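Participant: Before I ask anything, here is the structure I am working with.
The values are calculated or read from the model by the stated rules, or taken from the named source; none is laboratory data. Keep in mind it's a predicted model, so treat the numbers as computed, not measured. FYI the Cβ positions are ideal-geometry reconstructions off the backbone, even for glycines, and counts take in every protein chain you see.
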Amino acid sequence: MTETAPIVKEEKEADHHPYFRPKDAATLILVDRSSAIPKVLVGKRHDKVVFMPGKFVFPGGRVDKSDNRVPVAAPITHALETNLLKGSPKITASRARSLAVAAIREACEETGLCLGRKSDGAAPKPEGAKLEGPWKPFTDAGLLPDPSGLFLIARAITPPGRVRRFDTRFFTADASAIAHRVEGVIHPEAELVELVWVELGSQPLADLHPMTKNVLGELNKRLATGPLSHDAPVPFFHFYGGKMQKDVLGA
């Protein structure tokens, strides 16, 4: 089997699934604004992974069924919920919460950086919700995940005609929200082998996936205008007739 075989197989499968429904996913872009030029956190993927080997990426992944049941230090803001509910297909408020919480979970899993706040032990925990598995670092540090400081930067859907399709919400948060660091997550055999804070516009970012670069461009424009706001238009990148379209959610 040649190295191109997986690509050929995916194309054949895609022909049979032109309208494969995309899975909800979330990505978190952490921003450090302590210097004149903002920096964002990227991770370098292992050279042997199937998807985007050796590339710099932002942490992210699919929403998990348990994300809506995890207790949090504070709810997502009403403004963030409003932005997440815009667009089609319509989602529920609980799904909006799940998307924001998933972004925090994925960031902690992939980078070891956990966004949360100290728990006094009295926070209500819905029945069946336990901070275990991927949430164990929060328990160990006495934290609850805190999605209240997240902002929605963009939404993007993978082109139709592919087996792996994602409806991704891109969030951002300030680096000051990092409350705990898990040691040993980044190593030579991990999914991400290196973490780097890079200035916006620097060379490592030039090698990002084109869609991710579009999203980063939107973030750069918003950072240039001052503090982030939930009132800014949220772009929606999708494909129609084989071409990428850019709309505004709720417009």
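Participant: Can you list residue pairs whose Cβ atoms sit under 8 Å apart, with the first residue in segment 178-201 being under 20 Å from ALA103 (Cβ atoms) and the second being hydrophobic (A, V, I, L, M, F, W, C) and in a loop (DSSP other than H, G, I, E, B)? Count only pairs 6 or more apart in sequence or on different chains.
Facilitator: Every condition considered, the pairs that remain are ALA179/ALA141; HIS180/ALA141; GLU191/VAL49; LEU192/VAL185; LEU192/ILE186; LEU195/ILE186; LEU200/ILE37.
Participant: Here's another thing I want to ask about it. Condition first: among the hydrophobic types (A, V, I, L, M, F, W, C), in a strand (DSSP E or B) and out of contact with any helix residue (DSSP H, G or I) (no Cβ under 6 Å at 6 or more places or on another chain). Now tell me which residues in segment 43-75 satisfy that. Talk me through it step by step, then tell me what you get.
Facilitator: First, the residues of segment 43-75 that are among the hydrophobic types (A, V, I, L, M, F, W, C): 49-52, 56-58, 63, 70, 72-74.
Cutting the leftovers down to in a strand (DSSP E or B) gives us 56-57.
If the condition is that a residue be among the hydrophobic types (A, V, I, L, M, F, W, C), in a strand (DSSP E or B) and out of contact with any helix residue (DSSP H, G or I) (no Cβ under 6 Å at 6 or more places or on another chain), then VAL57 is the only one that fits.
Participant: Is segment 154-163 home to any residue that is among the aliphatic types (A, V, I, L, M), crowded, with 20+ Cβ neighbours inside 10 Å, at pLDDT 85 or above and closer than 30 Å to GLN245 by Cα?
Facilitator: yes
Participant: Only residues that are of a type in the set (Gly, Ala, Ser), assigned to a helix (DSSP H, G or I) and within 18 Å of GLY250 (Cβ to Cβ): list them for segment 76-117, please.
Facilitator: ALA79, ALA93, ALA96, ALA100
Participant: Can we say VAL40 is out of contact with any Gly (no Cβ under 8 Å at 6 or more places or on another chain), surrounded by 13 or more Cβ atoms within 10 Å (Cβ to Cβ) and at pLDDT 95 or above?
Facilitator: yes
Participant: Hey, can you tell me all the residues within segment 221-232 that are free of Cβ contacts under 8 Å to residues at least 24 places away in the same chain and surrounded by 14 or more Cβ atoms within 10 Å (Cβ to Cβ)?
Facilitator: Hit for segment 221-232 is ALA232, nothing else.
Participant: Given the condition touching a strand residue (DSSP E or B) at 6+ places or on another chain (Cβ under 6 Å), closer than 24 Å to PHE20 by Cα and part of a loop (DSSP other than H, G, I, E, B), answer yes or no: does some residue in segment 234-249 qualify?
Facilitator: yes
Participant: From the set of residues in segment 152-202 that are aromatic (Phe, Trp, Tyr) and in contact with a helix residue (DSSP H, G or I) (Cβ under 7 Å, 6 or more places away or on another chain), which is farthest from PHE236 (Cα to Cα)?
Facilitator: PHE171
Participant: Is it true that HIS209 is closer than 24 Å to VAL49 by Cα and free of Cβ contacts under 8 Å to residues at least 12 places away in the same chain?
Facilitator: no
Participant: Taking segment 135-163 on its own, how many of its residues are without any contact (Cβ under 8 Å) to a residue 60 or more places away in the chain and not β-branched (Val, Ile, Thr)? Walk me through it before giving the result.
Facilitator: The initial filter retains those residues of segment 135-163 that are without any contact (Cβ under 8 Å) to a residue 60 or more places away in the chain, namely 136-142, 149.
Pick out the ones that are also not β-branched (Val, Ile, Thr) and you get 136-138, 140-142, 149.
Qualifying residue count for the region: 7.
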